Each structure stands twice: as C-alpha cells, then as structure tokens.
C-alpha cells in the first residue's frame with residue numbers, strides 16, 4: 001500500500017518537473033518573440049522592406065533594409081543548396097556504400113559532430129583565410145561557402161538519421177529487382193526519405209540565415225542590393241548587429257524590426273516546408 | 001532425372017556468430033514448386049536468400065560452396081550481381097511497395113533495366129498486374145500511391161513488380177504469412193498458375209500450405225538439409241525420423 005502511494009507521488013513530482021521544463025522552454029521562446037515584436041513592430045514600415053539604405057540611414061534618416069533581406073535570402077539559399085548537394089552525396093555514401101560500422105564511417109561521423117559544435121566565428125575566420133589565399137575579397141560567394149560549411153554537419157547528420165529510418169525490406173526489394181546501389185539510392189532511398197530530407201534542409205537553412213559571425217568577414221556588408229557572386233552582400237543578422245550598436249534609439253528600434261523580419265522569414269519558410277513535406281509524404285511507405 | 005534450374009553444391013553460410021547453413025547440396029527442379037520446410041531458425045530463409053545473392057546485403061556473412069544457376073556459379077566474382085538478382089525474383093514476407101505510384105512500382109524494374117518506351121511499359125504493367133491478379137482492382141487508380149493499397153493487394157503488387165523484370169525463378173520467403181487468409185489464398189492460386197512458366201522456391205512455416213502447393217520438398221533442421229524429394233513421397237513416407245517427427249507436429 002505504502003509503496004503504491006510512493007510511486008504515485010514520484011510520478012506526480014516527475015510530471016510536475018516535466019511541465020515546468022516545457023513551460024520554461026516555450027515561455028522563453030515567446031518572450032524573445034514578444035520582445036522583438038514589441039520593440040520592432042513600431043519601426044516596421046513599407047519603406048523598410050522595399051528600399052535600400054539612403055545616406056544617413058544609420059543616423060535615423062530614410063531608407064530600408066531590402067539589401068539585407070535579399071542578401072540573407074541569397075546567402076542562406078545558396079548555402080543550403082550547396083550544402084544539400086554535398087551533404088546528400090556524403091549521406092548516401094555513408095548509408096549505402098560504406099560497410100556499416102567501418103572505421104572510416106565512424107571517423108566521418110565524429111568529425112561532423114565536432115564540426116557541428118565549432119563556433120560559427122571559426123567558420124568565418126577560416127573562410128576569411130581561404131578568401132585571402134584565393135586573393136578574393138568578401139563576397140556573396142565567400143559567404144555562401146562559409147555558411148555551407150556551417151550547415152553541412154546539420155545536413156549530413158540529419159539526412160543520415162532520416163535515412164536510417166528507411167526499412168531494410170525496401171532496400172532489399174529494390175536490389176532484388178536487379179537495381180544497382182546508385183539506382184536504389186536515388187530512386188528509392190531519396191524518395192522514401194524525401195519528407196525528412198526537406199525538414200533537414202529547413203533546419204540547415206535556419207542555422208544559416210540566422211548566423212552573423214560566419215558572414216562577417218566572408219560576405220562583408222554593403223548598402224547595395226546583391227548583384228554579383230563576387231561582390232559583398234548585406235545580411236539581416238549583421239543589419240541587426242550594426243544598428244543595435246548605434247547610440248540612437250530610433251536606429252536601435254530598426255534593429256528589432258530587422259530581427260522581426262528575420263523571424264518572419266524563418267516562420268514563412270517553415271510553413272512552406274510543412275506544406276512540401278505533406279505533399280512528399282504521399283508516396284512514403286510506412 | 002528431372003530438369004533442374006538451380007544446383008546447390010556444398011553450401012555453407014556463416015554469420016558473425018555462428019553457422020546458419022551447413023554443407024547443403026540439393027537440386028531445385030525447373031517449373032515446379034519447391035517448398036523448403038522446417039522449424040524456426042533452421043536456415044530455410046538463409047538457403048533461399050543465398051540463391052540470389054541477397055545474403056550479400058547482410059553484414060558479416062560468409063558464403064562457401066557453390067550455387068549453380070544454369071551451370072554458372074552465382075558466387076563467381078566475375079558474375080554481374082544485378083543480372084543474377086534480375087533473373088531470380090524475390091517475394092518477401094512483408095510486402096514492401098516502393099515509395100511511388102502503383103504504376104511506377106511495376107515499371108521500376110523494367111526501367112532500371114533500360115526499358116523507356118511508354119507504350120511497351122504500359123502494356124507490360126498491365127500484363128503483370130493481370131498475372132498477379134490485381135489489375136481489376138487498381139486499373140482505375142494506377143497513379144495512386146502504392147502505400148494506399150491493403151496489405152494483401154500490396155503483396156500482389158510486389159508479385160507483379162517481381163514478374164515485370166521477367167525472372168526465371170521466383171523465391172518466396174513466407175510470402176503469405178503476413179496476409180489475411182483470403183489474400184494468402186489469392187497469392188497461392190497465383191503461384192500455382194505461375195509454375196507453368198516459372199520455377200518457384202518457397203519457404204513456408206505452414207505445413208498445410210506446403211502440402212497444397214509443393215511438388216518437391218526440402219526439409220531443413222538446425223542448418224542441415226535432412227531430406228528432400230518429391231512432395232508425395234516426403235509427406236507420405238519420409239525416410240528420416242526427424243522429418244517424420246516434424247510432419248507429425250512434434251516440434252515447430
């Protein structure tokens with residue numbers, strides 16, 4: 001009797017702790033969002049979304065952050081495509097072509113896990129060194145490469161997790177029909193894992209578009225719209241950073257507005273991903 | 001002497017931790033149904049999968065001995081594995097439709113092997129779906145996802161998909177055990193109809209199914225081939241005591 005009471009008490013306490021954790025997590029997220037909305041929304045207007053900075057913008061005069069919006073989309077979009085192409089190759093190689101449990105596969109996974117934890121400023125510094133060696137300057141291309149490196153660990157490890165879920169029977173079914181490993185990889189594996197792969201791409205994109213440190217040296221900053229792979233581009237995280245660093249309250253408010261735009265972009269892409277995942281799930285075998 | 005399609009010679013299969021099949025030699029008759037029976041873990045499935053090199057997919061497996069298909073050892077390193085697998089089809093225990101439409105499932109194999117022409121593909125898909133007894137049920141919705149079919153229909157789709165690459169042998173690994181009785185019966189009827197053109201090897205747990213279908217029987221016990229012979233003789237008058245005990249239901 002008494003042990004039963006004890007067990008129930010234990011369950012209640014644990015349940016209480018879980019609820020507290022959940023509230024803390026969701027609560028802090030809502031607080032961040034609320035801060036950004038409350039401080040940023042008043043400064044948000046059409047001009048901000050449709051114009052590039054004019055002279056004196058950073059002193060509170062006219063203009064907008066279209067340069068940073070376009071720059072960020074180009075940087076994160078390009079990096080996501082690049083890291084997807086590279087990452088898909090690595091993930092398929094590890095999953096279908098390398099003997100499971102091999103030393104090599106283990107080493108690749110370990111290095112990716114380490115890279116996942118490397119601070120993004122290190123990617124920035126590495127990218128910067130690389131640019132100097134290639135006698136290039138900060139540019140859209142440089143930023144895309146640095147961000148792609150930042151996104152790669154998420155991309156590969158994420159896709160691998162998703163591919164692990166592909167049932168063995170499905171692989172066997174394809175092989176049993178006389179398909180090669182490559183045909184099985186591209187026509188069966190990728191299709192079965194497609195919804196998960198798209199979700200992983202979203203995660204990687206989110207990591208890329210929100211990062212400031214890795215694009216600081218590699219992509220630079222400019223008041224112009226992105227117009228060439230070899231010229232500097234602006235980005236939203238840096239727009240937030242620079243504007244927040246000024247002493248003028250109205251410019252600081254614009255930093256929050258830029259942050260709000262960033263959040264809305266990520267939210268929009270998430271919703272789009274949801275829709276895409278639902279479409280892609282149509283053919284998935286359970 | 002009956003015409004044989006596969007000759008297994010001194011086959012030994014070992015997994016990392018122990019041997020699964022020991023020194024098996026047997027001939028699989030052409031255009032008949034051969035049933036491999038025996039209790040769980042006796043090596044039936046391993047023997048079946050060794051016949052189309054599907055064991056290669058298992059980590060840490062070692063195969064010794066020969067499996068001759070039309071006189072050629074399929075474990076010869078010079079052999080093209082995809083060609084072997086194409087000519088020896090598999091119907092697995094669990095139906096695994098590919099993540100695509102019903103039509104694309106059947107067309108998958110032929111496409112992989114280079115058939116591109118639409119008219120020919122359409123005709124082939126219809127022919128094989130008919131052969132698997134599924135055509136009438138799906139002809140209106142060929143573009144629908146295969147995963148939306150019932151499990152019995154999925155297994156018949158897998159049969160059609162396997163037939164579409166025009167194999168000579170069908171390897172069935174307890175192909176009806178996951179199905180409801182009506183679907184299972186449907187698959188059995190198909191196999192009986194197909195044995196005119198194909199050599200069929202099936203692994204089964206269900207003795208009654210072996211009695212219904214088999215022309216030839218292989219009895220395995222603890223990784224060894226105990227007895228093989230024409231179904232009538234093995235069922236009516238087994239030579240070995242272990243076969244007699246198994247058939248009498250003394251162990252499973």
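The values are calculated or read from the model by the stated rules, or taken from the named source; none is laboratory data. What you are looking at is a predicted structure, and each value in this text was computed from that prediction instead of being measured. Here Cβ is always computed from backbone atoms with ideal geometry, including for glycine, and neighbour counts include all displayed protein chains.
Of the numbered conditions (1) buried (at least 17 other Cβ atoms within 10 Å of the Cβ); (2) modelled with pLDDT under 90; (3) over 19 Å from residue A:51 (Cβ atoms), residue A:205 fails exactly one; give the number of that condition.
(2)
Any chance segment A:132-139 includes a residue that's surrounded by fewer than 24 Cβ atoms within 10 Å (Cβ to Cβ), assigned to a helix (DSSP H, G or I) and either touching a strand residue (DSSP E or B) at 6+ places or on another chain (Cβ under 8 Å) or more than 14 Å from every other protein chain (Cβ to nearest Cβ) (or both)?
Looking for residues that are surrounded by fewer than 24 Cβ atoms within 10 Å (Cβ to Cβ), assigned to a helix (DSSP H, G or I) and either touching a strand residue (DSSP E or B) at 6+ places or on another chain (Cβ under 8 Å) or more than 14 Å from every other protein chain (Cβ to nearest Cβ) (or both), one finds at least one in segment A:132-139, hence yes.
For (1) away from every other protein chain (no Cβ under 14 Å); (2) closer than 30 Å to residue B:129 by Cα; (3) touching a strand residue (DSSP E or B) at 6+ places or on another chain (Cβ under 9 Å); (4) in a strand (DSSP E or B), each residue gets a yes or a no:
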{"position": "B:25", "(1), (2), (3), (4)": "yes, no, yes, yes"}
{"position": "B:56", "(1), (2), (3), (4)": "no, yes, yes, no"}
{"position": "B:65", "(1), (2), (3), (4)": "yes, no, yes, yes"}
{"position": "B:75", "(1), (2), (3), (4)": "yes, no, yes, no"}
{"position": "B:93", "(1), (2), (3), (4)": "no, yes, yes, no"}
{"position": "B:97", "(1), (2), (3), (4)": "no, yes, yes, no"}
{"position": "B:103", "(1), (2), (3), (4)": "no, yes, no, no"}
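Looking only at segment B:77-91, filter to residues that are crowded, with 20+ Cβ neighbours inside 10 Å and in contact with a helix residue (DSSP H, G or I) (Cβ under 8 Å, 6 or more places away or on another chain); which one of those is farthest from the other protein chains (Cβ to nearest Cβ)?
Among them, the one singled out is B:91.
Consider segment B:147-164. How many of its residues are part of a loop (DSSP other than H, G, I, E, B) and buried (at least 24 other Cβ atoms within 10 Å of the Cβ)?
1
Taking residue A:185, is it crowded, with 20+ Cβ neighbours inside 10 Å, within 12 Å of chain B (Cβ to nearest Cβ) and touching a helix residue (DSSP H, G or I) at 6+ places or on another chain (Cβ under 8 Å)?
The answer is no for residue A:185.
Just the residues that are out of contact with any strand residue (DSSP E or B) (no Cβ under 8 Å at 6 or more places or on another chain), at positive phi and away from every other protein chain (no Cβ under 14 Å), please, taken from segment B:33-54.
B:41 - this is the single residue of segment B:33-54 that is out of contact with any strand residue (DSSP E or B) (no Cβ under 8 Å at 6 or more places or on another chain), at positive phi and away from every other protein chain (no Cβ under 14 Å).
Can you tell me which of B:114, B:133 is at positive phi, touching a helix residue (DSSP H, G or I) at 6+ places or on another chain (Cβ under 9 Å) and not in a helix (DSSP H, G or I)?
On inspection, the qualifying residue turns out to be B:133.
In segment A:46-68, which residues are free of Cβ contacts under 8 Å to residues at least 12 places away in the same chain and surrounded by 11 or more Cβ atoms within 10 Å (Cβ to Cβ)?
Scanning segment A:46-68 gives A:54, A:61.
So residue B:73 ticks every box in (1) farther than 18 Å from residue B:228 by Cβ; (2) buried (at least 20 other Cβ atoms within 10 Å of the Cβ) but one. Which box is left unticked?
Here residue B:73 clears every test but (2).
For residue A:179, are the conditions met, namely being in contact (Cβ under 8 Å) with a residue 12 or more places away in the chain, within 14 Å of chain B (Cβ to nearest Cβ) and at negative phi?
no
Which of the following residues is more than 12 Å from chain B (Cβ to nearest Cβ), in a helix (DSSP H, G or I) and within 30 Å of residue B:52 (Cα to Cα): A:159, A:155, A:163?
So the residue among A:159, A:155, A:163 that is more than 12 Å from chain B (Cβ to nearest Cβ), in a helix (DSSP H, G or I) and within 30 Å of residue B:52 (Cα to Cα) is A:163.
Counting just the residues of segment B:109-146 that are touching a residue at least 24 places away in the same chain (Cβ under 8 Å) and surrounded by fewer than 18 Cβ atoms within 10 Å (Cβ to Cβ), which one comes out farthest from the other protein chains (Cβ to nearest Cβ)?
Looking at the filtered set, the residue picked out is B:133.
Is it true that residue A:23 is more than 13 Å from residue A:257 (Cβ to Cβ) and exposed (fewer than 14 other Cβ atoms within 10 Å of the Cβ)?
yes
Sort through A:193, A:212 and tell me the only one that's surrounded by fewer than 24 Cβ atoms within 10 Å (Cβ to Cβ) and touching a residue at least 24 places away in the same chain (Cβ under 8 Å).
Criteria check complete, one pass: A:212.
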